[in-house]
Amino acid sequence: MHATIVLLPGDGIGPEVTGAAERVLRAVAGRFGHSFTLTSHRIGGAALHAGQPPLPDETREACLAADAVLLGAVGDPAFDTGSSERRPETALLQLRQALGVFANLRPARVWPSLEDCGAFKPEVVAGVDMLIVRELTGGIYYGEPRGVAEDGRSAYNTMRYARPEIERIAEVAFRSAATRRGLVTSVDKANVLETSRLWRKVVTEVGTRYPDVTLEHQYVDSCALLLATNPKHFDVVLSGNLFGDILSDEAGAVVGSLGLLPSGSIGGRAGLFEPVHGSAPTIAGRDIANPIGAIASAAMLLRHALGADPEADAVERAIGDSLAAGHRTADLVADGDATPLPGSAMAQAILDRVADSRAA
Ligand code: IPM
Ligand code: MN
């Protein structure tokens, strides 16, 4: 197979984790006899520092022409006081919109060898396996009007959802649940927000087309509580843009580290794959960041954008086997425990296993 993959390293730890994922993709190409054309382009703070807008035209065009896009992270404290047009994050929102990737899949499962590595009791998190389906191109992230009043003393955003936007993301959630445990938990704040009452109504209608899938509704606040107290309850969590952003970081705590979580955004031109974590500027450039979120995102890219299931399985198996062999980056090690591996060594352990993998 030949595929064109655009790499967007971005800011902070983005370049190092994307570099790790790139090496794994090259190992997959070697092991399975594919030819991947991988090109890197600037985005976010990296583009701003080079005197370009956060999403340069050249980057947008490359992504629109690609089979898939793998992004590291955007966000740079140097631009924290900038207006929306001069913020790294704006690039990501523009890119998601340009690609039309409305469905953000964020799987969160607890690796058996990591049950005791996070802040949660092992018996609470053992066996957690959920999929957060987050609406990605609507809601308060994009609603108009938005802005700052002329006197700078007030600011406003608009949460807006239209029926078709809710329908299509609900379809993704129900279809996913049908291949999993058959439970959709739809998250909203219908006791307060009109958008949430429409959300609940439309999701319920879509649910009637999936008689084998159970639908439950939860307010986002109580969902956040249940995610911490009984995360095993969840199968597919369906949410709007903002609630899904917040709950997926919480899921990072449940699985032991935000650095483990991948995501894939689909439904548009080319799929966009990125770890759930951010640019983590305080640890950037020190080779301590966990590359697994980015590498697992590359596995999602193989599966969802290229239809390469055995290849994706091989990468996911290599991650699980590396963790089972005891490899731990700093985020997975309690203070005072054994010296953690550098991120590059974790990546090497994974790619060695990919290169040696046999078809399962
Ligand atoms: C995420 C990130 C982004 C988001 C930021 C960087 C714009 O937090 O992908 O979860 O809020 O969507
Ligand atoms: Mn986020």
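Computed from the coordinates by the stated procedures, all read-outs in this text should not be read as laboratory data. These numbers come from a predicted model, not from an experiment. As a convention, Cβ positions derive from the backbone with ideal geometry for all residues, glycine included, and neighbour counts pool all protein chains shown.
Per 20 Å bin, what percent of the C-alpha pairs of the chain does each bin hold, from zero upward?
Result, from short to long distances: 30, 60, 10, 0 percent.
What is the packing order of peptides 270-279, 310-319, taking the mean over residues of other C-beta atoms within 10 Å and listing the highest first? If you can, show how the numbers build up before the last one.
Details: 270-279: 26.1, 310-319: 20.9.
Most protected by this proxy first, the peptides run 270-279, 310-319.
By average Cβ neighbour count within 10 Å, what is the ranking of 292-301, 44-53, 145-154, 31-40 from highest down?
In descending order of packing, they fall as 292-301, 44-53, 31-40, 145-154.
What is the dipole size for the stretch 120-255, taken about its Cα centre, with +1 at each Lys and Arg Cβ and -1 at each Asp and Glu Cβ, in debye to the nearest 20? All intermediate terms of the calculation are to be shown ahead of the outcome.
Working: 16 positive and 19 negative charges, 52 e Å.
That gives a dipole near 240 debye.
Roughly speaking, what is the stretch gain from A338 to D352, that is 0.36 nm per residue apart minus the C-alpha to C-alpha distance, in nm to one decimal?
Gain in length upon complete extension: 2.8 nm.
Would you mind checking which residues have amide H under 5 Å from I132's amide H? H placed 1.01 Å from N; only 5 or more apart, or other chain.
So I132 has HN proximity to R106, A108, V237.
What value, in deg cm²/dmol to 500, does the helix sum -39500 (n - 2.57) over DSSP H runs of n ≥ 4 give at 222 nm once divided by the residues of the chain?
That calculation yields -12000 deg cm²/dmol at 222 nm.
Semi-axes, largest first, in whole Å: what does sqrt of 5 times each Cα gyration tensor eigenvalue give for the stretch 182-265?
22, 15, 12
For the stretch 120-255, take the alpha-carbon Rg, divide it by the Kirkwood Rh, and send me Rg/Rh.
Ratio value, two decimals: 1.02.
Sort the following peptides by mean Cβ neighbour count (other Cβ atoms within 10 Å, averaged over residues), highest first: 160-171, 79-90.
160-171, 79-90
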